[in-house]
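> Just passing along the structure, written as structure tokens.
The values are calculated or read from the model by the stated rules, or taken from the named source; none is laboratory data. Note that the structure is a prediction, hence the values are computed from the model and not measured. Neighbour counts are summed over all protein chains in view; Cβ atoms, including those assigned to glycine, are modelled from backbone coordinates with ideal geometry.
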Amino acid sequence: MKNKKLIKNICVTGGAGYIGAHFVNKLNLTKKFYIYVLDNFQQGKKNIIKDKNINYYNIDLKNKNKLNKFFKSKKVDLVAHFAALASVPDSVKNPADYYANNIIGGLNLLEAMIKNNINKIIFSSSAAIYGEPKTKFIKENHPKNPTNPYGYTKLVFENFLIDYNKAYGLNSISFRYFCASGVDESQTIGEYHNPENHIIPVLIETALGLRKKFYVYGHNFPTKDGTGIRDYIHVNDLAEAHILAIKKLQTKNICEFYNLGINKGYSVLDLIKTTEKITGLKIKYEFVNRRPGDPSQLIADSSLAYKKLGWQPKYRKIEQIIKTTFDYKLKNTT
């Protein structure tokens, strides 16, 4: 068997963001890689990890010149692509921003990679590509009919990867995240969105009195209690899947797609009750109209990742996930 070139130098786009920073942290803990982070720091610089093996560059993927100069001047073996705008309701209001960042920025990245002979990429995709579910548990071959521009941009980039694999030999693994949640228990990195729109931190901020009220968007979905159901996956479990993907991309020519979730759905009312239980605090909430583009239910079937990657989520209970966010908020709220 021919020796494969070892992956040593990894470029992480969006590596100062929520999920990207958790991956950079896990990657750095392996002590096996040199890490370049490209970020426009739109969500701030609080998730910068100070370490000699990590170098940060203020580069927006929409800037083709900066991107090409970077790849021309550095030795990069693999790209982990996290950089994206990622809010469903915001994408419905501002689709142009999502097409510019997620599609044009993504295309610029692929172009720079091909020009500089970089042929491995891990892509942060999303369960939003599926749209309204046809089955309770969603497998990778489920029909793809996104109900919002955010999901559409993720699907377009996945299609780019299929075409680039055929035409240019680009090797890729795409991960379709369900709802990324939780915080690393070291509490050295966290979840910073401006504005914060992820449900678990918003619930905790409401419990702590930082928000007057929590709004439940929709109570007439075709679900057990009328509220939307999602599969919540801890960011460290997402990060671990990416570590396994590096190993697989080191040995195979592939273009593969995997769901990442815990294969269990929780409604908004489930989350409210569990957050009250974890915090010991009451949450004042109000039902309001559904948001455009929100599917009623998204629950993963992640069995393919178990089988092909040997991935297993460690945070299998929603209580564990909520507690990591609550502990972090307690420590970092003045």
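> Can you confirm whether the stretch 184-196 contains a residue that is touching a Leu at 6+ places or on another chain (Cβ under 6 Å) and either at pLDDT 95 or above or under 25 Å from PRO146 (Cα atoms) (or both)?
First, the residues of the stretch 184-196 that are touching a Leu at 6+ places or on another chain (Cβ under 6 Å): none.
Within the stretch 184-196, none of the residues are touching a Leu at 6+ places or on another chain (Cβ under 6 Å) and either at pLDDT 95 or above or under 25 Å from PRO146 (Cα atoms) (or both).
> Among the residues of the stretch 237-252, is there at least one that is of a type in the set (S, T, N, Q), at pLDDT below 95 and not assigned by TED's automatic domain parsing to the domain that holds THR324?
Looking only at the stretch 237-252, we keep the residues that are of a type in the set (S, T, N, Q), and these are 250-251.
From what is left, the residues that are at pLDDT below 95 are 250-251.
Filter once more, keeping what is not assigned by TED's automatic domain parsing to the domain that holds THR324: 250-251.
Yes: the stretch 237-252 contains one or more residues that are of a type in the set (S, T, N, Q), at pLDDT below 95 and not assigned by TED's automatic domain parsing to the domain that holds THR324.
> Among the candidates ILE262, ILE321, ILE272, ILE246, single out the residue that is outside any strand (DSSP E or B) and more than 22 Å from the chain's Cα centre (by Cα).
Working: ILE262 fails: more than 22 Å from the chain's Cα centre (by Cα); ILE321 fails: more than 22 Å from the chain's Cα centre (by Cα); ILE246 fails: more than 22 Å from the chain's Cα centre (by Cα).
From the options ILE262, ILE321, ILE272, ILE246, the qualifying one is ILE272.
> In the list GLU205, GLU196, GLU240, which residue meets the criterion of being within 16 Å of the chain's Cα centre (by Cα), farther than 23 Å from ILE122 by Cα and either free of Cβ contacts under 8 Å to residues at least 60 places away in the same chain or not in a loop (DSSP other than H, G, I, E, B) (or both)?
Values: GLU205 fails: within 16 Å of the chain's Cα centre (by Cα); GLU240 fails: farther than 23 Å from ILE122 by Cα.
Sole residue among the options that is within 16 Å of the chain's Cα centre (by Cα), farther than 23 Å from ILE122 by Cα and either free of Cβ contacts under 8 Å to residues at least 60 places away in the same chain or not in a loop (DSSP other than H, G, I, E, B) (or both): GLU196.
> Oh, and also: Can you find a residue that is closer than 24 Å to LYS115 by Cα, among the charged types (D, E, K, R) and buried (at least 17 other Cβ atoms within 10 Å of the Cβ) anywhere in the stretch 3-15?
No: zero hits.
Residue-wise test of (1) surrounded by 21 or more Cβ atoms within 10 Å (Cβ to Cβ); (2) assigned by TED's automatic domain parsing to the domain that holds ALA127; (3) aliphatic (A, V, I, L, M).
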{"residue": "ASP270", "(1), (2), (3)": "no, no, no"}
{"residue": "LYS273", "(1), (2), (3)": "no, no, no"}
{"residue": "GLU276", "(1), (2), (3)": "no, no, no"}
{"residue": "LEU281", "(1), (2), (3)": "no, no, yes"}
{"residue": "ASN289", "(1), (2), (3)": "no, no, no"}
{"residue": "LEU298", "(1), (2), (3)": "yes, no, yes"}
{"residue": "LYS323", "(1), (2), (3)": "no, no, no"}
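> Next question. For the stretch 39-58, what are the residues that are closer than 22 Å to LEU110 by Cα, more than 18 Å from the chain's Cα centre (by Cα) and surrounded by fewer than 19 Cβ atoms within 10 Å (Cβ to Cβ)?
Within the stretch 39-58, ASN55, TYR57, ASN58 meet the criteria.
> While we're looking at this one, here's another question. Can you tell me which of (1) on the phi > 0 side of the Ramachandran plot; (2) in the same structural domain as GLY293 (by TED's automatic domain parsing); (3) of a type in the set (S, T, N, Q) is the one THR206 doesn't meet?
Every listed condition holds for THR206 apart from (1).
> Output yes when any residue across the stretch 92-110 is part of a strand (DSSP E or B) and closer than 26 Å to ASN197 by Cβ, and no when none is.
Going residue by residue through the stretch 92-110, those that are part of a strand (DSSP E or B) are none.
So far as the stretch 92-110 goes, no, none of its residues is part of a strand (DSSP E or B) and closer than 26 Å to ASN197 by Cβ.
> Can you tell me which of (1) surrounded by fewer than 18 Cβ atoms within 10 Å (Cβ to Cβ); (2) among the hydroxyl-bearing types (Ser, Thr, Tyr); (3) farther than 24 Å from PRO149 by Cα is the one TYR36 doesn't meet?
Only one criterion is unmet by TYR36, namely (1).
> Please go through the stretch 41-83 and pick out each residue that is on the phi > 0 side of the Ramachandran plot and small (Gly, Ala, Ser).
To start, the set of residues in the stretch 41-83 that are on the phi > 0 side of the Ramachandran plot comprises 41, 44.
Residue satisfying the conditions is GLY44 alone.
> Please go through the stretch 277-329 and pick out each residue that is in contact (Cβ under 8 Å) with a residue 60 or more places away in the chain and farther than 26 Å from LEU238 by Cα.
Within the stretch 277-329, LEU281, LYS282, ILE283, LYS284, TYR285, GLU286, PHE287, VAL288, ASN289, ARG290, ARG291, PRO292 meet the criteria.
> With ALA100, ALA80, ALA86 as the choices, which residue is farther than 25 Å from SER181 by Cα, surrounded by 14 or more Cβ atoms within 10 Å (Cβ to Cβ) and either assigned by TED's automatic domain parsing to the domain that holds LEU298 or among the aliphatic types (A, V, I, L, M) (or both)?
Values: ALA80 fails: farther than 25 Å from SER181 by Cα; ALA86 fails: farther than 25 Å from SER181 by Cα.
Result: ALA100 is the single residue among ALA100, ALA80, ALA86 that is farther than 25 Å from SER181 by Cα, surrounded by 14 or more Cβ atoms within 10 Å (Cβ to Cβ) and either assigned by TED's automatic domain parsing to the domain that holds LEU298 or among the aliphatic types (A, V, I, L, M) (or both).
> Can you name the residue in the stretch 115-161 that is under 15 Å from the mean Cα position of the chain (by Cα) and of a type in the set (D, E, K, R) and, of all such residues, is surrounded by the fewest Cβ atoms within 10 Å (Cβ to Cβ)?
GLU158
> Tell me which of these ASN165 doesn't satisfy, since it passes every other one: (1) outside any strand (DSSP E or B); (2) under 26 Å from LEU304 (Cβ atoms); (3) touching a helix residue (DSSP H, G or I) at 6+ places or on another chain (Cβ under 7 Å).
(3)
> Can you tell me which residues in the stretch 208-237 are part of a helix (DSSP H, G or I) and polar (S, T, N, Q)? Can you show your working first?
First pass over the stretch 208-237, keeping only residues part of a helix (DSSP H, G or I): 235-237.
If the condition is that a residue be part of a helix (DSSP H, G or I) and polar (S, T, N, Q), then ASN236 is the only one that fits.
> Kindly indicate the residue of the stretch 238-283 that is touching a Leu at 6+ places or on another chain (Cβ under 7 Å) and hydroxyl-bearing (Ser, Thr, Tyr) and also farthest from LYS308 (Cα to Cα) among those meeting that condition.
The extreme case among them is THR275.
> Does LEU269 satisfy being closer than 16 Å to HIS198 by Cα and either charged (D, E, K, R) or modelled with pLDDT of 95 or more (or both)?
On the way: closer than 16 Å to HIS198 by Cα: yes; either charged (D, E, K, R) or modelled with pLDDT of 95 or more (or both): yes.
Yes; evaluated as a whole, the condition is true for this residue.
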